[in-house]
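None of the figures in this text is laboratory data; all of them are computed from the coordinates on show. The shown structure was predicted, so the numbers you read here are calculated from the model rather than taken from an experiment. Backbone-built Cβ (ideal geometry, glycine too); neighbour counts: all protein chains shown.
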Amino acid sequence: MSFTYVIAWLTPLLLGSGIVALLTGRPRTFAEYAATLGCGFVLGMLLCGLAMAPLGRLEVDRIVPMVAAILIPVGLGAWAWVLLRAAPNVATPPQRTHLHPLLWALLALLALHAWLMFDEILLRPMYPWDAWAAWLLKPKAWMLGGHVDRFVGFDEWLADASGKLRTAQTWSYPETLGRVAIWFSSAWGEWNAGVVGAIWFALWLALLAGCYGQLRTLRLQRDRALVATYALGSLPLINVHVALAGYADLWIATLLAFACLAWMRALETGERGHAALAVLFALMLPLVKLEGSIWLVILGGAMIYARMPPRFRRIALALAPLVGGGVVVAYLLRFPLVAPALDRIGLTADTEVLMTHAPAVIGAAAEGLFAQYNWHLFWFAVALTLALRFGELRASPALRVLGLFLLLGCGFLFALFVLTPAGKWAESYTAVNRLSLQIVPAMLAFAALLWREPSVAVVATPAPRMAEAAPTGP
Amino acid sequence: MIRRHLSSPFLLDSRVAAPSGGAQASDGAANIRRPALSHRARAFALLLLLVGLWTGLLGWVAEVPLGAAFQPAERMRFVGSDFHVVMGAGIENDKRLGINAVGAAHMALQSIALARPIDAAAYPVLRYRWQDFPRTLELSFVFRRADQPDDVHTVTLPPAAAHPGYFDLSDVADWHGRITEIGFAEFPTAQLVPADIAFRPFSLVEAELWTPSWRGSLGALGTDWSAYRPWALMSVSALGPDAPWPHKPTPVLLLAIGLTASLVIASLVLARGARWLGIALCLALAGGWLALDLRWLGEFTDRHLLTRELYAGKSWRERATIEPDTALVAGAARVRELLARAPAGTHVIVAAAAVYDVLRLSYHLLPANVAPMGVLSPSNANGKPMQPALLVVYADPDWTFDAARKALSYAKSEYAAELVYDEGDLRIFSIRGAAP
């Protein structure tokens, strides 16, 4: 392990955590450190990848030395600002209580999951289809070729006489993950599937740390936050996406979860820094995977809705079904602009085809969620939580808008599979669970937050409206 | 110190239940009703109901035929040495058949012609036992029917570990009519294990065909739930369908339905309130989750053991050469030898009949400047400028070359080309460029 490789790990941690601390304040408790480092590391990794983009056809050997030389001072500066500007620690030291033996057992199980994933990553050459065919094809080409060459469309490549342009079936996919992979790979000095896969293991750890820390700072009791973290870390399909590293879905899932949790903190504390962090994570979504744009639109819409005054919100609620219905009618009547635009995402107006396939698609989706080995009893747990804690949901304006976002997200997935040819991927199980995965950590965080003990304010007063209860800025 | 751990960390707070007044009212009502039926009678009734429920559920998920006895009425037994080796090499060892080599295409096959054909519907359960069956191989059951004597039907079986495995043949559409021959085939697990290093010696101990029974159906269910499931390309998309044999309903469904129904019945019979039911459902869900997680950890460990068997103790450079698609890796090496004499950045276009081969070969050829055959589609290539390129055609007879005309044809397109290399499945052509 070289010094450059150590720097490659330290840079995103320092940069990302520095930015998170700058936005959300100096961490003081274990939970705050977990949130800052977990969220920060993911943010830092993506920023390191993005920082390479403007540098053109860079030699791979120069990536980390060049980029880290800029980003490390930025990270140090952010931390220095945070530490120098932070108010003296006036918080009472947390009361130390021992963990229940059952919780130790859960942590031991989590460690076993971690070991299996890590060893699998280190040993196995790149295995899953999209890893070598799409997401990690570019960094391997860059690493073995020695330069970060530009990937272009087929026409441009065929005509290129320089030999410096490359192409691939997936040439137009976002390159951020590929750049993250080349970041670590170039620091290692050679193409090594274990080195690249380790990024996904770090992502898993960061997801767990970030979720635990954010849930705790959102007032979820420690033991319950640990149970939620264990539940998240034990989900089989998430384990598989780590062990057989190389897919982008877990990155989308992590960004969505972190955006939602930061947004929750913004809604409940009214601090702008958390809102800015939520927006930052949301903006990363389209840079990772194409459907990230749709998640950004849905999340952005929910965020805007949450900031609206009650009067506008009523108007928005009244208009939403009209707009939605209008789009459907315009599409069915083959209205100019609307119909071609929806055709492009594969929507079909052939109701006969839809009706023929819909039952099979819905059946396959339900089987993936409720009857296969992918999610243990997660979706049953969500249903049970909603049934038992509906009062908490009604009492929390912030959770209501988060729930609205998740509902819209589920609606998007439903529409994607039932109304477009993507239904065939649901019927063959090839996409339905991977797309569900993208929303699972956010959904788990939402369900976990419904198990919070009621705060004094909430108990003492009747459920206030969102704008009154959770201002999003001073 | 001890008292601190007496309460569960997962204990629900007081707001779990329905409004407390309602809960108290229902508890009160229960207290009033209680004398009508003694506590012991309620418990006994509950026990009967739960036994009935779980028996019914197990029968449903195991797909036990209606009216089946617990034990099979008939068992047709074959010891390993009854089978003869069709492909590969084997030796009788006591009553076992030891397989110590594979045949063509890295495959081994053992079969037995039945003395008299049997009715498939009468024997829907296969029981099989092996010794030292390797994780590197995929196991199949093969059979021949009297109505199609020239066809061999194949179905993948859950790999057998040290214990006997059971398989429900009624899940196989082709298992009907009169069966004249049965057997087993073994070959390297596709797209996971390199064919040339997959084989390890193993022995066929015995195989049995059973008439319908609870024991056979439950055995098939247990084998489906617990058998080793190798990694598959499908694993990142769905766990369960990634196993290559017909599936039974999962324990996820059984636990969800069984636990919920059990607790609802218990709350009704024992006259418990909504609060009790809520707490019980949460605890049952936690227990069910843990049970499923332990099952998953076992399955994950099984999958990981193969990874360790293939790759542990080797350097990265050694591990990188152990790829499941040995033939494609060899093909890529041949192309690379040719490319070593070509200018840097030479365009290489990869064509094959299977999409997997196109993408995989492109990946193995890196850092060559590769592109998939899609670049040559009429919408891209026709009438547009194109630099000279090497076209690598792998196992695709649809590309035809007319040596006299030096013309390479595919679909409705034709390219001016020269044949550079031709051996086995691999052909390499040099395509001339085209001006705009």
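Relative to the longest principal axis of the Cα atoms of chain B, helix B:274-311 runs at roughly 30 degrees. Overall shape of the range A:78-169 was characterised from the C-alpha gyration tensor. The equivalent ellipsoid obtained from it has semi-axes of 48, 27, 10 Å, in decreasing order. In the protein assembly as shown, taking the dipole from charged Cβ atoms about the Cα centre, the farthest positive-side position among A:16, A:154, A:171 is held by A:16.
Between the range A:1-50 and the range A:238-312, the C-alpha centres lie 18 angstrom from each other. Across the options A:194, A:254, A:274, the greatest Cα extent toward the positive end of the charge dipole of chain A (unit charges at beta carbon of Lys, Arg, Asp, Glu) belongs to A:274. Three principal axis extents describe the C-alpha atoms of the range B:297-436; from largest down they are 58, 30, 27 Å. Among B:64, B:393, B:85, the largest mean-square fluctuation in a Gaussian network model of chain B (Cα springs under 10 Å) belongs to B:393. Placing +1 on the Cβ of every Lys and Arg and -1 on the Cβ of every Asp and Glu, with nothing else charged, gives chain A a dipole about its Cα centre of roughly 1380 debye. Calculated from the alpha-carbon coordinates, the range A:273-401 shows an Rg and a Dmax of 18.7, 50 Å respectively.
Modelled spin labels at residue A:81 and residue A:107, positioned 7 Å past Cα toward Cβ, are 3.5 nm from each other. Mean projected area of the Cα convex hull of the range B:196-323, taken over all directions, amounts to 12.5 nm². Put simply, the C-alpha atoms of the range B:103-239 give a gyration tensor, and the ellipsoid matching it has half-axes of 24, 18, 14 Å, longest first. Residues A:410, A:211 in ascending order of nearby Cβ atoms (within 10 Å, fewest first): A:410, A:211. Think of chain B as having a plus end and a minus end, set by charges on the Cβ of Lys, Arg, Asp and Glu; of B:221, B:122, B:276, B:276 sits farthest toward the positive end of this dipole. Taken about its Cα centre, the range A:147-223 carries a charge dipole of roughly 500 debye when the Cβ of each Lys and Arg holds +1 and the Cβ of each Asp and Glu holds -1.
Pop out the Kirkwood hydrodynamic radius of the range A:1-108 from its pairwise C-alpha distances, inverse of mean 1/r, in Å to one decimal. After inverting the mean inverse Cα-Cα distance, the result is 15.8 Å.
Using the number of other C-beta atoms within 10 angstrom as an exposure proxy, rank B:82, B:422, A:130 with the fewest first. Don't skip to the end; give the middle numbers.
Details: B:82 15, B:422 11, A:130 20.
Lowest to highest Cβ neighbour count: B:422, B:82, A:130.
For helix B:355-365, report the angle its Cα long axis makes with the longest principal axis of the Cα atoms of chain B; keep it between 0 and 90° and round to the nearest 10°. Long axis of B:355-365 versus the principal axis of chain B: about 70 degrees. The mean sequence distance of close C-alpha pairs (under 8 Å, at least 6 residues apart), as a share of the length of chain B, puts its relative contact order at 15 percent.
Sorted fewest first by neighbouring Cβ atoms within 10 angstrom, B:75, B:405, B:275 come out as B:405, B:75, B:275.
Its DSSP H runs of at least 4 residues, each contributing -39,500 (n - 2.57), put the calculated 222 nm mean residue ellipticity of chain B at -11000 deg cm²/dmol, to the nearest 500. Most mobile of B:395, B:291, B:68 per a Gaussian network model of chain B (Cα springs, under 10 Å)? Of B:395, B:291, B:68, the most mobile in the Gaussian network model is B:395.
Checking the cross-link pairs A:140/B:406; B:384/B:406; A:138/B:406; A:164/B:384 against a 31 Å limit on the alpha carbon distance flags A:140/B:406; A:138/B:406 as lying beyond it. Expressed as a fraction of 2.2 N^0.38 Å, the C-alpha radius of gyration for the range B:249-359 is 2.07.
Considering only B:358, B:420, B:348, give the residue with the highest GNM mean-square fluctuation for chain B, with springs between Cα atoms whenever their separation is below 10 Å. Comparing B:358, B:420, B:348 in a Gaussian network model of chain B, the most mobile one is B:420. In this Cβ point-charge picture (+1 for Lys and Arg, -1 for Asp and Glu), chain B has a dipole of about 1960 debye about its Cα centre.
Would you kindly give the portion of the calculated P(r) for the protein assembly as shown that falls above 40 Å, as a percent of all Cα pairs?
Working: 201863 of 413595 pairs.
The answer is 49 percent, as a whole percent.
Once you put a point 7 Å from the Cα of residue B:340 and another 7 Å from the Cα of residue A:190, both along the Cβ direction, what distance in nm separates them? Roughly 1.8 nm, to one decimal. Site pair residue B:283 and residue B:419 shows an inter-label distance of 7.7 nm when each label is modelled 7 Å from Cα along Cα→Cβ. The alpha-carbon atoms of the range B:323-396 define a convex hull whose volume equals 85 cubic angstrom per residue. Taking every DSSP helix (H) stretch of at least 4 residues in chain A, weighting each as -39,500 (n - 2.57) and dividing the sum by the residue count yields a mean residue ellipticity at 222 nm of -23000 deg cm²/dmol. When you restrict to C-alpha pairs under 8 Å that are six or more residues apart and normalise by the size of chain A, the relative contact order lands at 19 percent. Relative to its residue count, chain B spans a Cα convex hull of 274 Å³ per residue. Taking the alpha carbon gyration tensor of chain A, multiplying each eigenvalue by 5 and rooting it gives semi-axes of 34, 32, 23 Å, largest first.
Against the main long axis of the alpha-carbon atoms of chain B, helix B:251-269 sits at an angle near 10°. Taking a cut-off of 24 Å between Cα atoms, list the lysines near residue A:424, but don't count ones fewer than 8 places away on the same chain. Once the sequence-local lysines are set aside, what remains near residue A:424 is A:289, B:248.
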